[in-house]
Amino acid sequence: MLQEILKAREERWLRRCQLVEHYQSPVISITLNIPGPEKTKKLYQEAHKKISQDFCQYLKDQGHVSLVEEYRFTADGPEAYLILVGKHSAWELKKVAIEFENNHPLGRLMDIDIMDEEKNIISRNNLGKLERKCLLCAAPARECIINRKHSLEELLMVIENMILQQEEFKEE
């Protein structure tokens, strides 16, 4: 399974590069931060769909129009790619993405990446923003990942509870 996930990540990188080359524009990609090998659960697919729709609406509310909306499903989970009509700064798009991630109820689960016209990924760090915090404690998430501070089961339980707390995912 690990090989399939790594292959999917490589293909995602290549797809973003293809879109940048074709449209000569920044590419927005939306994925989920799901640890472990099982990234294809129906619940994750549905959460990704909701997040992607909400982000597209958020962009539209700010006057941005999508030129391209592409959705794929891989071993690394669901992916969405967006390219907006008109010229946009990758840096400004990243600011919009961070604002959305910080304010959406499932924002901590999503990863909205921006690739600029030179095929660089614009990070929170590039904008002087703090790293994301761990889902379970106040430490930087990267630190907990490297140190394997929390079990996969703990993390998945928190993630799935976050999703299921949203009204559209509650069972009747």
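Summary of values
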item: Extension gain, residue 168 back to residue 42 (0.36 nm per residue minus Cα-Cα distance, nm); result: 44.0 nm
item: Nearby aspartates and glutamates by direct alpha-carbon distance to residue 149 (threshold 18 angstrom, same-chain neighbours under 8 apart not counted); result: 131
item: Estimated FRET transfer efficiency (residue 152, residue 131; beta-carbon r; R0 22 Å; 0.05); result: 0.60
item: In sequence order, calculated HN-Hα J values of the stretch 85-99 (Karplus, 6.51, -1.76, 1.60; Hz; x Gly/Pro); result: 5, x, 8, 9, 6, 4, 5, 5, 5, 5, 4, 4, 4, 5, 4
item: Dipole magnitude of the stretch 2-130 about its Cα centre (Cβ charges: Lys, Arg +1; Asp, Glu -1), debye to nearest 20; result: 220 debye
item: Residue-by-residue Karplus 3J(HN,Hα) for the stretch 27-33, coefficients 6.51, -1.76, 1.60, Hz, glycine and proline x; result: 10, 9, 10, 10, 9, 10, 8
item: Residue 1-residue 54 pseudo-label distance in nm [points 7 Å out on the Cα-to-Cβ vector]; result: 2.6 nm
item: Global form of the stretch 1-96, assessed from the alpha-carbon gyration tensor, a/c cut-off 1.5; result: oblate
item: Residue 65-residue 22 FRET efficiency (beta carbon distance; Förster radius 22 Å; 0.05 resolution); result: 0.75
item: Amide H contacts under 5 Å for residue 133, placed H, 5+ residues apart; result: 141
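Only the coordinates and a few stated rules stand behind these numbers; no lab work does. Nothing here was measured: the structure is a model prediction, and the numbers come from that model. Ideal geometry is used to build each Cβ from the backbone, glycine not excepted, and the neighbour counts take in all protein chains shown.
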